[in-house]
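Note sheet for the following structure.
The values are calculated or read from the model by the stated rules, or taken from the named source; none is laboratory data. These numbers were taken from a predicted model, which means no experiment stands behind them. Glycine gets a Cβ as well: all are built from the backbone with ideal geometry, and neighbour counts include every protein chain shown. What goes into the accessible areas is simple: the full protein's heavy atoms, side chains included, and nothing from ligands, DNA or RNA. Shrake-Rupley method; radii C 1.70, N 1.55, O 1.52, S 1.80 Å.
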Amino acid sequence: MKSSLRRKLLYSYLAVTVFVLVVVSLAISFLIREYFMASKQQELVNKGRELGRVVESYYAGRISHEQFNNFINYVDDLLDARIWVIDSNRSIVVSSSKRSQGEAARTPRPPDESKGYGTGMIVRALSRELEPVFSGQVVTRAFYHPVFGENMLMVAVPLTNANGALSGAIVLNSPVRGIEQ
């Protein structure tokens, strides 16, 4: 009888210990994920603001469209973030499209009007989603991005010209697969 009671106590202690370890592990995992997401988000916001200076140089005519496009693709490679520059009319001025060697899905998928995210639909969806950016607010969101076919962290930073007027937005879409793993 004592052996049976000991066994039951041992199993109950083990069950409680395992349960506590699982809960603590899940909580720590969640906190670490949130920390890395917030860190990545802040990095993208800062880089978006820095990119604003280059966009202003492009608008001022100090750099050509080709130089601007090459620079955006270079920054895409450095940040691992797809970059879209949108003007005040909500039109995409330039988007990064460079592929690194061995990387298959670097650029957006070809437009698929049947799924509702063709080129025109993307711009309209961005206009609705990013409306606060054109009011001067920074927008951040993590979601499944149908254009890129994966979970992304989107950061949109308003662009202001030398006079302080809004001249568009920079949208950075960075995959979160490394953080999720």
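From the list Ser64, Ser39, which residue is within 18 Å of Val176 (Cα to Cα) and either free of Cβ contacts under 8 Å to residues at least 12 places away in the same chain or surrounded by 13 or more Cβ atoms within 10 Å (Cβ to Cβ) (or both)? Give the derivation first.
Numbers: Ser64 fails: within 18 Å of Val176 (Cα to Cα).
Residue meeting the stated conditions: Ser39.
Can you tell me which of Val16, Val55, Val20 is surrounded by 10 or more Cβ atoms within 10 Å (Cβ to Cβ), among the hydrophobic types (A, V, I, L, M, F, W, C) and closer than 30 Å to Arg141 by Cα?
Values: Val16 fails: closer than 30 Å to Arg141 by Cα; Val20 fails: closer than 30 Å to Arg141 by Cα.
Being surrounded by 10 or more Cβ atoms within 10 Å (Cβ to Cβ), among the hydrophobic types (A, V, I, L, M, F, W, C) and closer than 30 Å to Arg141 by Cα holds for just one of Val16, Val55, Val20, which is Val55.
For segment 67-79, filtered to residues that are under 17 Å from Val157 (Cβ atoms) and open to solvent by 30 Å² or more (accessible area, probe 1.4 Å), the residue that is modelled with the highest pLDDT is Phe71.
Does segment 27-44 contain any residue that is of a type in the set (Val, Ile, Thr), at pLDDT 90 or above and more than 22 Å from Thr140 (Cβ to Cβ)? Give the steps one after another, and end with the answer.
Our first condition is that a residue be of a type in the set (Val, Ile, Thr); within segment 27-44, this holds for 28, 32.
Right, trim to at pLDDT 90 or above and you get 28.
Filter again for more than 22 Å from Thr140 (Cβ to Cβ), leaving 28.
Within segment 27-44 (the criterion being of a type in the set (Val, Ile, Thr), at pLDDT 90 or above and more than 22 Å from Thr140 (Cβ to Cβ)), the answer is yes, since at least one residue qualifies.
Taking segment 128-141, which residues are open to solvent by 60 Å² or more (accessible area, probe 1.4 Å) and assigned to a strand (DSSP E or B)?
Let us first name the residues in segment 128-141 that are open to solvent by 60 Å² or more (accessible area, probe 1.4 Å), namely 128-129, 131, 135, 137, 141.
Answer for segment 128-141, where residues must be open to solvent by 60 Å² or more (accessible area, probe 1.4 Å) and assigned to a strand (DSSP E or B): just Arg141.
Can you report the number of residues in segment 143-153 which are touching a helix residue (DSSP H, G or I) at 6+ places or on another chain (Cβ under 8 Å), assigned to a strand (DSSP E or B) and buried (at least 17 other Cβ atoms within 10 Å of the Cβ)? Before the answer, list the steps.
Narrowing segment 143-153 to residues touching a helix residue (DSSP H, G or I) at 6+ places or on another chain (Cβ under 8 Å): 146-147, 150-151, 153.
Of the ones still in play, those that are also assigned to a strand (DSSP E or B) are 150-151, 153.
Then keep just the ones that are buried (at least 17 other Cβ atoms within 10 Å of the Cβ); that gives 153.
Total meeting the criteria: 1.
Each residue in segment 134-180 was checked for being farther than 19 Å from Val54 by Cα and among the β-branched types (Val, Ile, Thr), and 5 of them qualify.
Scanning segment 1-13 for residues that are among the hydrophobic types (A, V, I, L, M, F, W, C) and open to solvent by less than 100 Å² (accessible area, probe 1.4 Å) yields Leu9, Leu10. Return a yes/no flag: does segment 168-180 have any residue that is open to solvent by 50 Å² or more (accessible area, probe 1.4 Å), at negative phi and modelled with pLDDT of 85 or more. Within segment 168-180, none of the residues are open to solvent by 50 Å² or more (accessible area, probe 1.4 Å), at negative phi and modelled with pLDDT of 85 or more. When Asn89 is tested against the conditions (1) loosely packed, with under 13 Cβ neighbours inside 10 Å; (2) touching a Gly at 6+ places or on another chain (Cβ under 9 Å); (3) at positive phi, the lone failure is (3).
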